[in-house]
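Notes to accompany the following structure.
Each reported figure results from applying straightforward, stated rules to the coordinates on display, with no laboratory input. All values reported here derive from a predicted model rather than from experimental measurement. Don't worry about glycine lacking a Cβ; one is built from the backbone with ideal geometry, like all the others, and counts go over all protein chains shown.
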Amino acid sequence: FDPRHCLGTHCYGFPKTGPHRLRFLLESVKDLRETLKKKGSTLVVRKGKPEDVVCDLITQLGSVSAVAFHEEVREI
């Protein structure tokens, strides 16, 4: 979870993620984690700037051959 999503946007100052959306996201991630756990897998969830968190995870895991990501489209 990127804490910057709870800050105001550059256009209107509204947070990208308000309290209702945050609750929905947290419940969805919790449900996904529980579903994966039942299937013998897991879900890594972290809070922080993605560029820092991903780097830390790669360092912790050691041998990572690829990283896939998407970039958010910003409105002008």
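Miscellaneous remarks
- Helix 19-38 axis, angle to the chain major axis (alpha carbon atoms, nearest 10°): 10 degrees
- Exposed loop sites here are GluC sites (Glu not before Pro) assigned a DSSP state other than H, G, I, E or B and surrounded by at most 14 other beta carbons within 10 Å; excluding them, the longest clear run of the chain is 1-70.
- Within region 18-76, trypsin sites (Lys or Arg not before Pro) in DSSP loop having at most 11 other beta-carbon neighbours inside 10 Å: Lys39, Lys47, Arg74
- Checking [x] 47; [y] 57; [z] 44 against the coordinates, the calculated percent of Cα pairs over 18 Å apart falls under label [y].
- For the chain, the mean residue ellipticity at 222 nm estimated from helices alone is -14000 deg cm²/dmol, where every DSSP H run of n ≥ 4 contributes -39500 (n - 2.57) and the total is divided by all residues, rounded to the nearest 500.
- Once the Cβ-Cβ distance of Ser65 and His20 is raised to the sixth power relative to R0 = 35 Å, the FRET efficiency obtained is 0.35.
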